[in-house]
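The values are calculated or read from the model by the stated rules, or taken from the named source; none is laboratory data. Nothing here was measured: the structure is a model prediction, and the numbers come from that model. Cβ placement follows ideal geometry from the backbone for every residue including glycine, while neighbour counts extend to all protein chains displayed. All accessible areas refer to the heavy atoms of the entire protein, side chains included, with ligands and DNA or RNA removed. Shrake-Rupley method; radii C 1.70, N 1.55, O 1.52, S 1.80 Å.
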Amino acid sequence: MPINGIQYTDTEIASLPPIIGIEQAARVLGCCGRTVTRMCEGGVLKHCKAGNRYRINRDSLLAYAGLEVSR
């Protein structure tokens, strides 16, 4: 569950930018940021690093979560 216990609604998920941060990804998945970091490090999610921060590919995240959002 996210640290603050708040997950995105369907409308918010549909409006996510193409590249998102750890905390945004955690809210989508309903887990903590550390779990998302481990998923990136393990190659589960497509991502890149900007400095020491992970940036996650939205479509990869949604596919992993089994969510389909029409655009």
Problem - segment 49-71, subset among the hydrophobic types (A, V, I, L, M, F, W, C) and in contact (Cβ under 8 Å) with a residue 12 or more places away in the chain, residue nearest to Ile19 (Cα to Cα) - result: Ile56
Practice task
Can you give me the number of residues within segment 54-71 that are surrounded by 10 or more Cβ atoms within 10 Å (Cβ to Cβ) and out of contact with any His (no Cβ under 8 Å at 6 or more places or on another chain)?
Solution key: 9
Fill in the blank from the handout: The correct count of residues that are assigned to a loop (DSSP other than H, G, I, E, B) and either out of contact with any Pro (no Cβ under 7 Å at 6 or more places or on another chain) or not hydrophobic (A, V, I, L, M, F, W, C) (or both) in segment 32-46 is 5
Practice task
Could you run through segment 15-29 and say how many residues are in a loop (DSSP other than H, G, I, E, B) and open to solvent by 20 Å² or more (accessible area, probe 1.4 Å)?
Solution key: 3
